[in-house]
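Quick note: the coordinates plus some simple rules give every number you see, no bench work behind them. As the structure is a computational prediction, the values presented were derived from the model and not from experiment. No Cβ is skipped: glycine too gets one built from the backbone with ideal geometry, and neighbour counts run over all protein chains shown.
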Amino acid sequence: MNRSADEALRARALKVIPNGMYGHESTRLLPALYPQFFSKAEGAYIWDADGNRYLDFMCAYGPSLLGYRDERVEAAARAQTALGDTLTGPSPLLVDLAETLVEMVDHADWAIFCKNGTDATTMAMSVARAQTGRKVVLLAAGAYHGAAPWCTPIPAGVVPEDRAHLRYYTYNDVESLEKAVTEAGDDLAAIFASPFKHDAFIDQELPDPAYARRARELCDAAGAKLIVDEVRAGFRLARGSSWTSLGVQPDLSAWGKCFANGHPISALLGNDSCRDGAGQIYATGSFWLSAVPMAAAIETLRIIRETDYLEHTVHLGNRWREGLDAAAARHGYALRQSGPVQMPQILFAEDPDFRTGYAWGEEMLKRGVYVHPWHNMFLCAAMTDADIDFALEAAEAAFAALKARQPSLEPHPVLVAMFGAH
């Protein structure tokens, strides 16, 4: 597998970009064979800088919902590009998109647009504090809500004051949540929750309905706001709020990644109980009201409403999960597969330093399939049954190759520093 272009780009990047990978820190935690740079994408496939093609189970870490360069979405974006994108003020699409999301997301009465998931989650926290006049915000320990100082998982550049009013509880643990609420007292502004527990390096957990309902009850009793961070899972689990099936509606929800099928836009949605707080905060960005991503979002949301994209990805996800389990077992491996099938997490049993998972990822890459050894993955609507057949054939061969390599496997050096050697 040729890697010369990627290696040359890495060497150049190291000279002019901190760590050579600014904005994509996870690259340094991937096996050495994984490419860092990609040249193009189409449907369910990506090509690296050396021209190697992969069936992509990462979907750009989530933004590709319908498939890369979906022609329906791209046509809408091109039509708006011909009219204008970033203007002195917003285009009429601002109102159209806000109306569309308010109609589709059951708890929402209003929308604010931005660019990144971090923008949306940070605004959610600010709105909750402005609305309640309180400071304390509860987060599930280990949850990822973005890259700002208050929530980044990397402590460099962060001071204690950035997190002075944050408190932590254990996801799905009602007793832990109740204790954190009690300790916050009358200064509780909000409880943050993810649609499901999708922390890196560990098995995923679907939400316990009792936990979700208790979070809502505790917020109501305390006069605090419930925030659901939909940035990663929004519109991949449901066509509206992810917790609707649990009978729970948040006050605020943060959205991003896929609702414009890869075009750069995110959103904060809220109900009327937070409207005054949303009107008080200062939040702006030079490109937040750009029209082209809004056109792409409106078309993507139409497709979400009118097609079976969700059922299709669930069908494919079930085939992928069941086929992988069977293939792994034939070669003497046990997998820990967790999370929704359309957002799978695939880890190996008895693999504490990830050496087996990393080696399997390398073997899959050699066979034209891009899987991730520690992050949840994503299926897109452009994938087909034939793609899943191809991926399962690759997995069968990869498990066999892995078996031959097993005695000589070594852990990734960065993970040794993080977790220790086993």
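Quick notes on this one:
- Using Cβ point charges alone (K and R +1, D and E -1), the dipole size of the chain about the Cα centre works out to roughly 820 debye.
- Fewest-first ranking of MET125, MET377, using other Cβ atoms within 10 Å as the exposure measure: MET377, MET125
- q = 0.09, 0.22 Å⁻¹: log10 I(q)/I(0) that the Debye formula gives for region 109-233, counting C-alpha atoms only: -0.23, -1.50
- Here the Debye sum runs over all C-alpha atoms of region 1-148 as equal scatterers in vacuum, and log10 of I(q)/I(0) at q = 0.12, 0.13 Å⁻¹ comes out as -0.82, -0.94.
- Put in line by how crowded their Cβ is, counting other Cβ atoms within 10 Å and starting with the fewest, PHE192, PHE390, PHE348 read PHE390, PHE348, PHE192.
- Share of Cα-Cα pairs in region 71-306 lying beyond 34 Å, as whole percent: 14
- A straight line joining the Cα centroids of region 331-350 and region 251-295 runs 34 Å.
- Given in Å, the Rg to one decimal and the Dmax to the nearest whole number for the Cα atoms of the chain are 21.7, 63.
- The calculated P(r) of region 198-274, using every Cα pair and 10 Å bins from 0, goes 17, 47, 31, 5 in percent.
- Projecting the alpha carbon convex hull of region 78-181 along each direction and taking the average yields 9.9 nm².
- Taking ARG405, ARG355 and counting other C-beta atoms within 10 Å, the order from fewest to most: ARG405, ARG355
- Toward the positive end of the charge dipole of region 75-208, with +1 on the Cβ of Lys and Arg and -1 on the Cβ of Asp and Glu, the farthest Cα among LEU83, PHE113, LEU138 is that of LEU83.
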